[in-house]
Amino acid sequence: MNELTRRDEMSLAGAALRGAPWKAAAITGTAAAAISFTMGLILPGPADLTWALCLGISLFSLVAAVGAVRKPDVGDRVTRQARLWSLRHPWRFSLYPGIGAAVLMYPIQLIFDQEGVFGAAWDALWGGALVYLIAALGTLSLKGKARSAR
């Protein structure tokens with residue numbers, strides 16, 4: 001009856017992400033990447049720039065995704081409705097931050113890790129899948145806020 005198309009779902013997820021804490025996400029991702037790479041330089045063993053950058057992208061995506069739905073009753077009417085939809089459908093909502101993380105990880109894997117086109121795609125896919133899973137579980141843990149925001 002009122003089935004949503006993929007385009008509608010993408011629009012709702014984008015509207016919910018519009019209110020994400022982008023500054024906090026960027027600071028978290030940058031700090032995590034810098035700390036990870038610095039620890040690799042200080043501790044014994046090689047410092048892995050690919051790992052540090054992908055960790056930063058993952059945390060950036062997770063903070064943005066979970067932060068976007070953390071306050072479903074804040075924002076304009078469209079953003080509130082999109083956040084409520086996201087809280088009611090956490091697995092569908094989290095698909096888009098996971099895809100975004102995988103897309104951002106792919107060139108890093110390709111350039112810095114030098115595994116080739118398919119190896120980089122495989123690693124980026126796994127990184128995006130992990131972001132998808134954690135973002136969905138984080139959004140699922142906030143599902144009770146959807147009931148209280150009505």
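Of the residues screened, Gly67 is not one that is of a type outside the set (Phe, Trp, Tyr) and either outside any helix (DSSP H, G or I) or open to solvent by 50 Å² or more (accessible area, probe 1.4 Å) (or both).
Per the listing Leu43, Leu104, Leu137, the residue uniquely surrounded by fewer than 18 Cβ atoms within 10 Å (Cβ to Cβ) and under 28 Å from Leu4 (Cα atoms) is Leu137.
Here is a check on your reading of the model: is Gly56 assigned to a helix (DSSP H, G or I), at pLDDT below 95 and under 27 Å from Trp122 (Cα atoms)?
Working: assigned to a helix (DSSP H, G or I): yes; at pLDDT below 95: no; under 27 Å from Trp122 (Cα atoms): yes.
For Gly56, the condition - assigned to a helix (DSSP H, G or I), at pLDDT below 95 and under 27 Å from Trp122 (Cα atoms) - is not met.
Whenever a residue of region 73-100 is over 15 Å from Leu130 (Cα atoms) and of a type outside the set (Gly, Ala, Ser), its partners that are open to solvent by less than 10 Å² (accessible area, probe 1.4 Å) and part of a helix (DSSP H, G or I), lying with C-beta atoms within less than 6 angstrom and at least six residues away or across chains, give the pairs Arg83/Ala16; Arg83/Val69; Leu84/Ala146; Leu87/Val69; Leu87/Ala146; Arg88/Ala146. Taking the conditions exactly as written (under 20 Å from Ala121 (Cα atoms) and either touching a residue at least 60 places away in the same chain (Cβ under 8 Å) or open to solvent by less than 20 Å² (accessible area, probe 1.4 Å) (or both)), does Leu49 satisfy them or not? In short, yes.
Conditions: (1) modelled with pLDDT of 95 or more; (2) open to solvent by less than 70 Å² (accessible area, probe 1.4 Å); (3) more than 11 Å from the chain's Cα centre (by Cα). Trp126 meets all but one. Number of the miss? Result: Trp126 fails condition (2) only.
Being among the polar types (S, T, N, Q) and modelled with pLDDT of 95 or more is true for just one of Thr5, Thr28. Which residue is that?
On the way: Thr5 fails: modelled with pLDDT of 95 or more.
From the options Thr5, Thr28, the qualifying one is Thr28.
Which residues, taken from region 78-100, are in a helix (DSSP H, G or I), of a type in the set (Gly, Ala, Ser) and in contact with a Phe, Trp or Tyr (Cβ under 8 Å, 6 or more places away or on another chain)?
Within region 78-100, the subset in a helix (DSSP H, G or I) is 78-88, 90-93, 95-100.
From what's left, of a type in the set (Gly, Ala, Ser): 82, 86, 98, 100.
Ser86, Gly98 - these are the residues of region 78-100 that are in a helix (DSSP H, G or I), of a type in the set (Gly, Ala, Ser) and in contact with a Phe, Trp or Tyr (Cβ under 8 Å, 6 or more places away or on another chain).
For region 70-85, the candidate set comprises residues that are touching a Leu at 6+ places or on another chain (Cβ under 7 Å) and open to solvent by less than 70 Å² (accessible area, probe 1.4 Å); within that set, the residue that is farthest from Ala20 (Cα to Cα) is Trp85.
The values are calculated or read from the model by the stated rules, or taken from the named source; none is laboratory data. No experiment lies behind these values; they were computed from the predicted model shown. Note that we place each Cβ from the backbone using ideal geometry, even for glycine, and neighbour counts take in every protein chain shown. Keep in mind that these areas ignore ligands, DNA and RNA; they rest on the heavy atoms of the full protein, side chains included. Shrake-Rupley method; radii C 1.70, N 1.55, O 1.52, S 1.80 Å.
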